[in-house]
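Written out below as structure tokens is the structure these notes cover.
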């Protein structure tokens, strides 16, 4: 028998940015499931869509946005869990597609 993971509600953090945060979901083809690809900071849904399309949706059939404050997070670990101190950065490459560069 498989033991179920014990998850608890992760208290919302302010993320250190006063600009509203938006969670980004995309799907490449109409038959594909939506998948979470990241988040963007933007004052409005229109601005969030522009940022998300540039960063994550360059070839997506659909881009969905959700205000981060509306997302309930449950985890077996907290947000402050150490990730080894490594961060990735996303930037736009010469061809307009995102490139991930290790910090």
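The values are calculated or read from the model by the stated rules, or taken from the named source; none is laboratory data. This structure is a prediction, so every number in the text was calculated from the model and none was measured. Cβ atoms come from the backbone with ideal geometry, glycine included; neighbour counts cover every protein chain shown.
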Q. Would you say residue 79 is at negative phi, touching a helix residue (DSSP H, G or I) at 6+ places or on another chain (Cβ under 9 Å) and either modelled with pLDDT under 75 or not in a loop (DSSP other than H, G, I, E, B) (or both)?
A. no
Q) What about residue 39, is it without any contact (Cβ under 8 Å) to a residue 40 or more places away in the chain, over 11 Å from the mean Cα position of the chain (by Cα) and surrounded by 14 or more Cβ atoms within 10 Å (Cβ to Cβ)? A) no
**Q.** Qualifying positions in region 1-29 - at pLDDT 70 or above, touching a helix residue (DSSP H, G or I) at 6+ places or on another chain (Cβ under 9 Å) and not in a strand (DSSP E or B)
**A.** 20
(Q) With the requirement that a residue be crowded, with 17+ Cβ neighbours inside 10 Å and assigned to a loop (DSSP other than H, G, I, E, B), what does region 42-54 give you? (A) 42
Q.
For region 55-74, give me each residue that is exposed (fewer than 15 other Cβ atoms within 10 Å of the Cβ) and in a helix (DSSP H, G or I).
A. 69, 70
**Q.** The lone exception for residue 32 - which of (1) closer than 26 Å to residue 11 by Cα; (2) in a loop (DSSP other than H, G, I, E, B) it fails
**A.** (1)
